[in-house]
Each structure stands twice: as structure tokens, then as C-alpha cells.
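The values are calculated or read from the model by the stated rules, or taken from the named source; none is laboratory data. Bear in mind the structure is a predicted one, so any value in this text is a computation, not a measurement. Neighbour counts run over all protein chains shown; Cβ positions are idealised from the backbone, glycine included.
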Amino acid sequence: MPIRIQGQTFYRTKEALERIGISRRTWFRWLQENIIEDVEHKDRKGWRLFTEEDIERISNFAYNLNTPLNQDG
């Protein structure tokens, strides 16, 4: 279930990856290999918080829609 913080909707890792259609193993391998940039937001416990934009960026990458690999590109 998404959470709202200061008017913005965030998804936890499990929810985001299910929406994207990739496994946790794939996500963490991409991060470890610096293939894709990590998300910007984390909660006080250090857990990742994914925005709709993060989900779209990662989904585009996962399905090779010719988008930049990180937010800067």
C-alpha cells in the first residue's frame, strides 16, 4: 500500500518492483553493478521510497525503451 508524505505518494521496494515486474534480485544486482541509479528518497529506517517517476524510469530501463540509465542523463 502506497504511503503519502507531505502530499507525495511513495511506494516501498516490494510494491514498486511488483509494479515494474522485476525481482528484488535483479534490482539489487543492477544497483551493485552501477547499471541504474538508486532512488533518491529513503525513510528514517533507510528503506527505499519509490516515486511514480522512479517506477517509470526503472520500468523504461527494464523494458529497453531507450531512456537514460540514471536521472542525470
Notebook entry, point to check: Just checking, which of 51, 13, 26, 9 is in contact (Cβ under 8 Å) with a residue 40 or more places away in the chain and surrounded by 13 or more Cβ atoms within 10 Å (Cβ to Cβ)?
Noted result: 51
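Return the residues of the stretch 9-28 that are assigned to a helix (DSSP H, G or I), hydroxyl-bearing (Ser, Thr, Tyr) and over 11 Å from the mean Cα position of the chain (by Cα); say none if nothing qualifies.
Selection gives 26 alone.
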Checklist line | Count of the stretch 39-48 residues which are assigned to a loop (DSSP other than H, G, I, E, B) and surrounded by 14 or more Cβ atoms within 10 Å (Cβ to Cβ) | finding: 1
Next item on the list: Could you please tell me which pairs satisfy a Cβ distance under 6 Å, a separation of 6+ or placement on different chains, a first residue in the stretch 30-47 that is farther than 12 Å from residue 5 by Cβ, and a second residue that is surrounded by 12 or more Cβ atoms within 10 Å (Cβ to Cβ) and acidic (Asp, Glu)?
Entry: 31/38; 39/54
Item checked: Total residues in the stretch 1-29, condition modelled with pLDDT under 95 and hydrophobic (A, V, I, L, M, F, W, C) -> 3
Check: Of the residues 60, 64, which is assigned to a helix (DSSP H, G or I) and either modelled with pLDDT under 95 or among the polar types (S, T, N, Q) (or both)?
Finding: 60
